[in-house]
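Peer 1: Here it is, the structure, as structure tokens.
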Amino acid sequence: MKAVNYFGSDTETLTITVSNPPYLNTKSINFNNNDYMSATASTSNPMYRPSNGSGTSDAWTISLWFKAGTSSDSEQTIIMFGGSDQNNEGRVQVWYDGSNNDKHIRLRYGTNNNYLEFETPNNGIVQGVWNNIVLTYDGGTTGQSQAQLNDYYSRFDIFINGVSQTLNKDHNNDGWSGSVKAEYFRIGRNGTTSNYLRNNCVVDEVAIWSSDQTANIADIYNGGVTHDLASLTTAPDNWWRMGDGDTFPAISDNISTLDFTMFNMTVGDIVNDTP
């Protein structure tokens, strides 16, 4: 900075420190009818698996906040990563079953023909109430041997509001031993079929890790208070604030560069409704 007057001039160096704004959670995304979000499915995504699981290098964790809408559809996709041929190409699919007397979260790992499947207890998801959902996979082998099913099952867990759930476990053809392809990565819709979120389902603070964060569930849940996930000892690989700091129709990745785009939606679907 230079100051000049009749007596001469003087120059000084000023240092201006700009800090990041404090964490505030004021926005989320509301889903209706055929709304969904899509991002590039790449081999760098933590859910990508080139072959059978090889251990911790293939592990992942998904965390998000979810508020169920009023639809009774049984297969409302929350998040999906995987191949376009659902009968033969592996995928990770998390959905909400809103049918009567069900109302639970379901994780399918594999294809429609060969899969492991996990359901949280019925009626554990109350419509219109925010829940933190965390799903973990330890990266180990899954396969197609009936004798090893309990081993395959043990690699997955689902937590709701910080609590590990007693899961109903199922399979078709003894599980899935193949890859999880990098073709679709979506929130609110399955790959090539519909299975949309319906009737004002709301999603907030989505994050994924390329590691099994089972030991850190309490830190992620934070007593039910949303917080700055980037400040955790192990920060997520990707984190979408779902409205905060975003400009329609782009939903920015606050850790990396994997942005989502909103489809069949309007700026009004970024709502002031948060946990």
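The values are calculated or read from the model by the stated rules, or taken from the named source; none is laboratory data. Note that the structure is predicted; figures quoted are calculated from it, not measured. Heads up, the Cβs are rebuilt from the backbone with ideal geometry, glycines too, and the neighbour counts pull from every protein chain shown. Please note that ligands, DNA and RNA were not included when accessible areas were found on the heavy atoms of the full protein model with its side chains. Shrake-Rupley method; radii C 1.70, N 1.55, O 1.52, S 1.80 Å.
Peer 1: Let me spell out the model: positive unit charges on the Cβ of Lys and Arg, negative unit charges on the Cβ of Asp and Glu, origin at the Cα centre of the stretch 197-268. What dipole size does that give, in debye rounded to 20?
Peer 2: 240 debye
Peer 1: If you take the alpha carbon radius of gyration of the stretch 127-275 and divide it by 2.2 N^0.38 Å, what ratio comes out, to two decimals?
Peer 2: In units of the globular-protein estimate, the stretch 127-275 measures up at 1.16.
Peer 1: On to the next question. Hand me the tally of lysine pairs in the chain: alpha carbons under 28 angstrom apart, and the pair either on different chains or 8 or more positions apart.
Peer 2: Number of lysine pairs found: 6.
Peer 1: Order T61, T274, T26, T166, most accessible first, counting only protein heavy atoms with a 1.4 angstrom probe.
Peer 2: Reading off the accessible areas and sorting them downward yields T166, T26, T274, T61.
Peer 1: Just to confirm, what accessible area per residue do you get for the stretch 161-275 at 1.4 Å probe, in whole Å²?
Peer 2: For the stretch 161-275, the solvent-accessible area averages 43 Å² per residue.
Peer 1: Which value, to two decimals, describes the C-alpha radius of gyration of the chain once divided by 2.2 N^0.38 Å?
Peer 2: Compared with the compact-globule rule of thumb, the chain sits at 1.14.
Peer 1: How are the Cα pair distances of the stretch 21-72 distributed, in percent, across 10 Å bins from 0?
Peer 2: Per 10 Å bin, starting at 0, the Cα pair percentages come out as 15, 32, 32, 21, 0.
Peer 1: Another question, if that's okay. Run the Debye formula on the Cα coordinates of the stretch 144-194, all scatterers equal and no solvent, and tell me log10 I(q)/I(0) at q = 0.27 1/Å.
Peer 2: With no solvent term, the Cα-only Debye profile gives -1.02.
Peer 1: Show S154, S28 ordered by accessible area, largest first, where the area counts protein heavy atoms only and the probe is 1.4 Å.
Peer 2: S154, S28
Peer 1: So, one more: Short version: what are the Cα gyration tensor semi-axes of the stretch 53-143, square root of 5 times each eigenvalue, largest first, in whole Å?
Peer 2: Value: 24, 15, 11 Å, ordered largest first.
Peer 1: Another question, if that's okay. Please list log₁₀ I(q)/I(0) at q = 0.13, 0.18, 0.24 Å⁻¹ for the stretch 199-275, using the Debye equation with identical point scatterers on the alpha-carbon positions.
Peer 2: Values returned for q = 0.13, 0.18, 0.24 Å⁻¹ are -0.43, -0.79, -1.20.
Peer 1: In whole percent, what relative contact order does the chain give with Cα contacts below 8 Å and a gap of six or more residues?
Peer 2: Relative contact order of the chain: 30 percent.
Peer 1: If you don't mind, another one. Taking +1 at the Cβ of each Lys and Arg and -1 at the Cβ of each Asp and Glu, which of L64, G140, L116 sits farthest along the dipole of the chain towards its positive end, judged by Cα position relative to the Cα centre?
Peer 2: Selected residue: L116.
Peer 1: Rounding to the nearest 20 debye, state how big the charge dipole of the chain is about its Cα centre with +1 on each Lys and Arg Cβ and -1 on each Asp and Glu Cβ.
Peer 2: Value, rounded to 20: 240 debye.
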